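Visitor: Below is one structure. I have some questions about it.
The values are calculated or read from the model by the stated rules, or taken from the named source; none is laboratory data. Treat the numbers as computed from the prediction; the structure is a model and nothing was measured. Here Cβ is always computed from backbone atoms with ideal geometry, including for glycine, and neighbour counts include all displayed protein chains. All accessible areas refer to the heavy atoms of the entire protein, side chains included, with ligands and DNA or RNA removed. Shrake-Rupley method; radii C 1.70, N 1.55, O 1.52, S 1.80 Å.
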Amino acid sequence: MLSRAANKLFHVLAGSVLSDSTTGIKMFRRELFERLDLQSRPVGWAVTFEMAMKAEAAGVRLGEVPIISIDRLYGGRSTFRLGPWVGEYLRWFRWGARELRRQKGRRAVLVPDRPALREVTVK
């Protein structure tokens, strides 16, 4: 519930083309990683949030495929810790809201006919 609310708020405030910036699989060419200059701390999935925002800000063509999360069935206990995770996500939330809002109007969204795939193009 927290993730959904945060993503919705980020989508509205930052004008991000992504509906969910924090989860999913991010795939980039190796040379793009240096251009993105990733700086997030190894807390939760903050690095995926940072990658999504910096790629969008850099004008990288993005695609989004919805995923469904299910409760943990195997693999031990969760490493989720509210304090450290919220702090790191909030750091990148503020950065993304500021940087992506500056570029508003320079991005386009394409939705192909295939309902399972939603492609997002950033100009």
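Visitor: Criterion first (acidic (Asp, Glu), modelled with pLDDT of 80 or more and closer than 20 Å to Lys8 by Cβ) does Glu64 satisfy it?
Guide: Details: acidic (Asp, Glu): yes; modelled with pLDDT of 80 or more: no; closer than 20 Å to Lys8 by Cβ: yes.
Here the answer is no, as Glu64 does not meet what is asked.
Visitor: Further, regarding this structure: Determine whether the range 39-55 contains at least one residue that is open to solvent by 30 Å² or more (accessible area, probe 1.4 Å), modelled with pLDDT under 80 and more than 13 Å from Trp92 (Cα to Cα).
Guide: Within the range 39-55, none of the residues are open to solvent by 30 Å² or more (accessible area, probe 1.4 Å), modelled with pLDDT under 80 and more than 13 Å from Trp92 (Cα to Cα).
Visitor: Among the candidates Arg29, Arg4, single out the residue that is free of Cβ contacts under 8 Å to residues at least 12 places away in the same chain and closer than 20 Å to Gly87 by Cβ. Reasoning before the result, please.
Guide: On the way: Arg29 fails: closer than 20 Å to Gly87 by Cβ.
One residue alone meets the criteria, Arg4.
Visitor: Say whether the condition of being among the charged types (D, E, K, R) and in contact with a strand residue (DSSP E or B) (Cβ under 6 Å, 6 or more places away or on another chain) is met by at least one residue in the range 57-69. Full working, then the answer.
Guide: Keep residues of the range 57-69 that are among the charged types (D, E, K, R), which gives 61, 64.
With the extra rule that they be in contact with a strand residue (DSSP E or B) (Cβ under 6 Å, 6 or more places away or on another chain), the set shrinks to 61, 64.
Yes, that holds for at least one residue.
Visitor: Something else: In the range 9-45, which residue that is of a type in the set (Gly, Ala, Ser) and at positive phi is nearest to the chain's Cα centre (by Cα)?
Guide: First pass over the range 9-45, keeping only residues of a type in the set (Gly, Ala, Ser): 14-16, 19, 21, 24, 40, 44.
The next check asks that each one be at positive phi; those that pass are 15, 24, 44.
Details: Gly15: 12, Gly24: 8, Gly44: 13 Å.
Ranking the qualifying residues of the range 9-45, first place goes to Gly24.
Visitor: Okay, next question. Looking only at residues that are at pLDDT below 50 and open to solvent by less than 40 Å² (accessible area, probe 1.4 Å) in the range 75-123, which one is nearest to Lys54 (Cα to Cα)? Spell out how you get there, then give the answer.
Guide: First pass over the range 75-123, keeping only residues at pLDDT below 50: 108-123.
If we keep only those that are open to solvent by less than 40 Å² (accessible area, probe 1.4 Å) too, we end up with 108, 120-122.
Numbers: Ala108: 16, Val120: 15, Thr121: 14, Val122: 12 Å.
Filtering the range 75-123 for residues that are at pLDDT below 50 and open to solvent by less than 40 Å² (accessible area, probe 1.4 Å), the one nearest to Lys54 (Cα to Cα) comes out as Val122.
Visitor: Within the range 16-34, work out how many residues are over 15 Å from Trp92 (Cβ atoms) and either of a type in the set (A, V, I, L, M) or modelled with pLDDT of 85 or more (or both). Full working, then the answer.
Guide: Step one: filter the range 16-34 for residues over 15 Å from Trp92 (Cβ atoms), giving 17, 19, 24-25, 27-34.
Now drop any that are not either of a type in the set (A, V, I, L, M) or modelled with pLDDT of 85 or more (or both), which leaves 17, 25, 27, 32.
Looking only at that region, the number is 4.
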